Amino acid sequence: MEPVILKHPLIDNKLSILRNKKTGTKEFRELISEISMFLCYEALKDAKTEEIEVETPICKTKAYKVNEDDYAFIPILRAGTGMLDGLINVLPNAKIGHIGLYRDEKTFKPQRYYYKVPKDIDKKQVVVLDPMLATGGSAIDAITMLKEEGAKDIKFLCIIAAPEGIKKLQEVHPDVKIYASALDEKLNENAYIVPGLGDAGDRIFGTK
Ligand code: PRP
Ligand code: URA
């Protein structure tokens, strides 16, 4: 399955500010949230709707409603929570789970420290959120845990993807469609995305 990379001059404009090391925490967080909202619109293009009748001030008409209960948003802690606001703006009643992972600084392997997801995850459209798809290790492990819980219908949304991460994630979870607002060049020797935006968690939470 080909990844979807958002190609839009207004997204590129937002990315130009996001990538800039001089951009402060408040603006960084707002941009992550805004871009995530656009990723959500793209990823949920195929959302099922139910026909209902509503009465406008003029007349009765057919309208189309999404069953928000069918959706589960799963941010990977910490940085994934920065994307959550954008998605909740679109579907405020979706269920939310959290998977806590951090990358070991030497091995770059993800370490799990928290896991709590909504019940009936096997019946939901699951949307996993993490701004950075670098080696792919965190996304792969999070999705493996969700599949072990029964999840079948999974999409992965990120702000920036590295080719290495896309390749690995597609190899291990070929059924999971990837949505990114940018596809960057490569990883550096510290497994950071080049040119990237630095450490997403630190920039969202102002921890460095
Ligand atoms: C970052 C990022 C991803 C992971 C990506 O998280 O938010 O979860 O690294 O790298 P990978 O594709 O090589 O696994 P980090 O481990 O720095 O934790 P944080 O979100 O708490 O800052
Ligand atoms: N995690 C980040 O926050 N940034 C990267 O470039 C790679 C992993």
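The values are calculated or read from the model by the stated rules, or taken from the named source; none is laboratory data. This structure is a prediction, so every number in the text was calculated from the model and none was measured. Note that each Cβ is placed from the backbone with ideal geometry, even for glycine, and that neighbours are counted across all protein chains shown. All accessible areas refer to the heavy atoms of the entire protein, side chains included, with ligands and DNA or RNA removed. Shrake-Rupley method; radii C 1.70, N 1.55, O 1.52, S 1.80 Å.
Summary table below
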| quantity | calculated |
| --- | --- |
| Nearest-20 debye value, the stretch 4-205 charge dipole, Cβ charges on Lys, Arg, Asp, Glu | 300 |
| Prolate/oblate/rounded label for the stretch 67-108 (Cα gyration tensor, a/c 1.5) | prolate |
| Environment charge at GLU148 (Cβ cut-off 13 Å; Lys +1, Arg +1, Asp -1, Glu -1) | 0 |
| Heavy-atom surface of the stretch 81-208, accessible at 1.4 Å and reported per residue (Å²) | 47 |
| Count of Lys pairs (Cα-Cα under 16 Å; at least 8 positions apart or interchain) in the stretch 1-90 | 6 |
| Surface share of carbon and sulfur [accessible, 1.4 angstrom probe, percent] for the stretch 4-205 | 51 |
| J(HN,Hα) series, the stretch 14-28, from Karplus relation 6.51 cos²θ - 1.76 cosθ + 1.60, nearest Hz, glycine and proline x | 5, 4, 5, 7, 4, 6, 5, 5, 7, 5, x, 4, 4, 5, 4 |
| Segment ASP70-LYS119, length gained on full extension (0.36 nm per residue, minus Cα span) | 16.5 nm |
| Solvent-accessible area of ARG78 with every protein chain in place, 1.4 Å probe, in Å² to the nearest 10 | 90 |
| Relative compactness, the chain, computed as alpha-carbon Rg over 2.2 N^0.38 Å | 1.04 |
